[in-house]
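Here's the structure we're looking at; comments come further down.
Please treat every number below as a calculation from the coordinates, not as lab data. Bear in mind that the values here come from a model prediction, so they are computed numbers and not experimental data. Cβ coordinates were reconstructed from backbone atoms using ideal geometry, including for glycine residues, and neighbour counts include every protein chain displayed.
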Amino acid sequence: MPERVPNLTKLRSVAVLSLPLVELLSLSLLLLLLLASTTAITAMVAKRELRSHDAAILSME
C-alpha cells in the first residue's frame, strides 16, 4: 500500500505539468483558427473590391 502513494503523487504532478501544455496548445489552435478566418475574410473582401474595380474600368470603356 505505501508504494501506491508515490505513484499517485507522481501521476498528479505529471497531470499538473501537462495541463498548461494542453492549455497552450488549445490557445495556439484558437489563434491559428482566428488567423485563418481573418485571412479568408480579407481575401473575400479583396476579391470583391477587385471585381468592382474591374467593373468600373470596363464601364468606362
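The table that follows gives values for the structure above.
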read-out	value
Simple Cβ-charge dipole of the chain, Lys/Arg +1 and Asp/Glu -1, about Cα centre, in debye nearest 20	360 debye
Potential lengthening between LEU24 and THR38 on full extension [0.36 nm per residue; Cα-Cα distance subtracted]	3.0 nm
Principal-axis tilt of helix 4-60 within the chain, Cα atoms, nearest 10 degrees	0 degrees
Cβ-based charge dipole, the chain, positive-most Cα from LEU11, VAL22, SER37	LEU11
